[in-house]
Amino acid sequence: MTDLPPLRVALVGNPNCGKTAIFNQLTGSRQKVANYAGVTVERKAGRLVTPAGRRVQVLDLPGTYSLAATSPDEAVTRDVCRGVYKGEPAPDLLVSVVAATNLRLHLRFMLELRQLGRPMIVVLNMIDAIRKQGLTIDIPRLQAELGVPVVSAVGIKRGGCQNILAALDAPAPTPPTPLPEGTDLHAEVRRLLALCVARTTERTQLFEDKLDRWVLHPVWGMLILFVLLFIMFQAVFSWAQPFMDMLDNGMKSLGDHVGALLPDGVLRSLVVDGIIAGAGTVIVFLPQILILFLWILALEESGYLPRAAFMLDKLMASAGLSGRSFIPLLSSFACAVPGIMSTRTIQNPRDRMVTIMIAPLMTCSARLPVYALLIGAFIPARHIAGLFNLQGLVLFGLYAAGILSALVVARVLKRRATTDEHPLLLELPNYRLPGLQSLSIELWQRARIFLSRVGTIIVTLSVLMWALSSFPAPPAGATGPAIDYSLAGRIGHLMLPFFQFIGFNWQICVALIPGLAAREVAVSALATVYSVGASEADAASQLAPLLSAQWSLATAFSLLAWYVYAPQCFSTLAVIRRETGSWRLVWISTAYLFGMAYAASFLAYHITRLISG
Amino acid sequence: MTQILLVGLVVLLCAGYWLQRLAPSAMIPLWRALAGLLAATQALPGLRTKAERLATPSGANPGCGGCKGCDDKSGGCH
């Protein structure tokens, strides 16, 4: 390895040209990649050593169509390329990534970069896809015309970046001579295309074009979107059940074994009632979360999501938002944190603020365990018309309630504002069959994230919850249940006067507090509180039947309604603070979500009581 | 008695974990003391480096806990 300082390289290009896929290939990172524009909103850095032993630091920059930035993420790319990014020297080499499948658009930005007069190489990514389109690119000719090295790559294939590594090992290219001031870059692109691109087979109507006629159809397209989402929620309940039963039985046996091994006392209570009851109850929901993500990831990779954004543009416009808000809102179904971060792609500051405010209304995956527990406990697992799973229908309804509420809130927040957001210009990527390997890796990542949350956040909170539920011990001669005298019992009873109007009991009140750290902790907290207070030994593993026996249907619906709107977790609040740079929006969003949660629970509780008598 | 001590230690560790997440500045004196102790005893260099990092106000991980280092240069979020 050489002792030279590392070569600083920046990957620059249009959105969805495959920069992050190349970055991951080069550095061995696992940054998020998807088949749509706007996934990377921050600069990311990684390191690599070339085959010749040269150390390289690689920057992955957000995609942009031009150096005239119009949104915060594009400004990062502009500043880094121009060498004015705070605390970041100008890169030694610009790697202009160009999607070979979209040269007309991407070469224009490459020429704009070339005008900076910095050393650069051009990477023609997705070179395999262009062959399928019946086109060939004369790479030596393009290199001669541009005056910079041009190499081909396939960013999503293992070993697809060898040419880039070879180019990094070659002597540094001389900076290109900028084109004369006032050159029409579009005309220059047309000239390059005429010189360097040739069609080898006749253009026929592609399968993609045929598919888009249906997928982008105003009626059929909406129907396809609705059916896809509907099947997704049905699958969450129908497919996951056998795996959930397996995990449930595993947790029960673990509790029994550990209970039999440890001597009676506080340690056994901590392990069985605190850790296994708390964390074990949440782990059971892993299959449902993975099935939900399997759908989302498959839709992401297929290239369908930008088409869904296109279809929903009109709906978003009716709420005063543009389709640009779709991707941040969609990301929020996984977690509001990356969703809020990806609002950086929104140019209009007011639209950005409104999207940040409504992002927490999208049902994040942390809410799924709460929904699944209550639906499993209170909604019978029967089929309607022999086709639709009732539990899946209720889950679909809860997600729909969040989405509709978000649109209503956006409409209210923007009722007086005149929007000057640019009209939605969306690049529709090519359809791609989701790769089994990449899906498996992404799912494994999701499982790891979930299990690491269980191992840290949920286990530690379960332990604290157990301590609060177990101490102090009841005074001598006390007649009530021991947990009533504990700190948790006292806190719960203190909160009860405020929450009893929406049907909550003191156990739910206590579970709401750790639920602020992460929403799924509410499930583990309920399991711990009921386990510590239960007389039956297996209460820990039987939370659902225990709840259905002790709660009314009205209380269950009230808690479900609460979690549609429930105030955000601490991480979401922290990221709102960071993205907006002030506490004002943090307080406003906390207050309005709390108010909506209380009002929705109040209505759900009293209407259900009225109907069920 | 051993059980109570063990349980007390586990509960304290969990409380420390949450204090570090919610109010990292409150934990700085503890990390500083630990780093000093480990430096004096020349023990556990890995833990000492970590304690020294956490003893600085900017050393705490600002991420959401779902993944490693959302804000870190090499990190990624979800």
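The values are calculated or read from the model by the stated rules, or taken from the named source; none is laboratory data. For clarity, every value in this text was computed on a predicted model and none was experimentally measured. Cβ coordinates were reconstructed from backbone atoms using ideal geometry, including for glycine residues, and neighbour counts include every protein chain displayed.
Scan (1) surrounded by 18 or more Cβ atoms within 10 Å (Cβ to Cβ); (2) farther than 30 Å from A:L373 by Cα for the single condition A:R199 breaks and write down its number. Here A:R199 clears every test but (1). A search for C-beta distances below 6 Å between a residue of the range A:163-175 that is over 15 Å from A:L94 (Cβ atoms) and in the same structural domain as A:R55 (by TED's automatic domain parsing) and any residue that is of a type in the set (S, T, Y) and surrounded by 15 or more Cβ atoms within 10 Å (Cβ to Cβ), counting only pairs 6+ apart in sequence or on different chains, returns A:N163/A:S152; A:L165/A:T50; A:D169/A:T50. If only residues of the range A:309-347 that are within 13 Å of chain B (Cβ to nearest Cβ) and of a type in the set (S, T, N, Q) are counted, the one that is farthest from A:Y371 (Cα to Cα) is A:S342. Of the residues making up the range A:361-412, those that are among the β-branched types (V, I, T), closer than 26 Å to A:R350 by Cβ and within 20 Å of the chain's Cα centre (by Cα) are A:T363, A:I403. When A:W587, A:W583 are checked against the criterion of being touching a helix residue (DSSP H, G or I) at 6+ places or on another chain (Cβ under 7 Å), surrounded by fewer than 22 Cβ atoms within 10 Å (Cβ to Cβ) and free of Cβ contacts under 8 Å to residues at least 60 places away in the same chain, A:W583 stands alone in meeting it. Elements of the type helices (runs of 4 or more DSSP H) sitting completely within the range A:443-523 and holding at least 2 residues that are surrounded by fewer than 15 Cβ atoms within 10 Å (Cβ to Cβ) and without any contact (Cβ under 8 Å) to a residue 12 or more places away in the chain: these cover A:487-499.
Within the range A:562-573, being assigned to a helix (DSSP H, G or I), within 12 Å of another protein chain (Cβ to nearest Cβ) and crowded, with 17+ Cβ neighbours inside 10 Å holds for A:S571, A:T572, A:L573. Taking the criterion of being away from every other protein chain (no Cβ under 11 Å) and hydrophobic (A, V, I, L, M, F, W, C), the residues of the range A:348-367 that qualify are A:M353, A:V354, A:I356, A:M357, A:I358, A:A359, A:L361, A:M362.
Residue-wise test of (1) closer than 30 Å to A:M465 by Cα; (2) buried (at least 18 other Cβ atoms within 10 Å of the Cβ); (3) in contact with a helix residue (DSSP H, G or I) (Cβ under 8 Å, 6 or more places away or on another chain); (4) assigned by TED's automatic domain parsing to the domain that holds A:L543.
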position: A:L254; (1), (2), (3), (4): yes, no, yes, yes
position: A:L261; (1), (2), (3), (4): yes, no, no, yes
position: A:I289; (1), (2), (3), (4): yes, yes, yes, yes
position: A:L312; (1), (2), (3), (4): no, yes, yes, yes
position: A:A319; (1), (2), (3), (4): no, yes, yes, yes
position: A:L330; (1), (2), (3), (4): no, yes, yes, yes
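Can you confirm whether the range A:534-546 contains a residue that is more than 14 Å from every other protein chain (Cβ to nearest Cβ) and closer than 30 Å to A:S332 by Cα? Yes; the residues of the range A:534-546 include at least one that is more than 14 Å from every other protein chain (Cβ to nearest Cβ) and closer than 30 Å to A:S332 by Cα.
Where helices (runs of 4 or more DSSP H) sit wholly within the range A:337-429, those with at least 2 residues that are in contact with a Phe, Trp or Tyr (Cβ under 7 Å, 6 or more places away or on another chain) occupy A:368-378, A:390-413. Across the range B:20-33, which residue is nearest to A:S571 (Cα to Cα) among those that are more than 8 Å from chain A (Cβ to nearest Cβ) and exposed (fewer than 15 other Cβ atoms within 10 Å of the Cβ)? Filtering first and then ranking leaves B:A23.
Criterion applied to B:G36, B:G69, B:G76 was being within 14 Å of chain A (Cβ to nearest Cβ), surrounded by 14 or more Cβ atoms within 10 Å (Cβ to Cβ) and either under 22 Å from A:S571 (Cβ atoms) or at pLDDT 70 or above (or both), and the one residue passing it is B:G76. Could you check, for the range A:128-150, whether at least one of its residues is modelled with pLDDT of 90 or more, surrounded by 12 or more Cβ atoms within 10 Å (Cβ to Cβ), of a type in the set (A, V, I, L, M, F, W, C) and part of a strand (DSSP E or B)? The answer is yes, given that some residue of the range A:128-150 is modelled with pLDDT of 90 or more, surrounded by 12 or more Cβ atoms within 10 Å (Cβ to Cβ), of a type in the set (A, V, I, L, M, F, W, C) and part of a strand (DSSP E or B).
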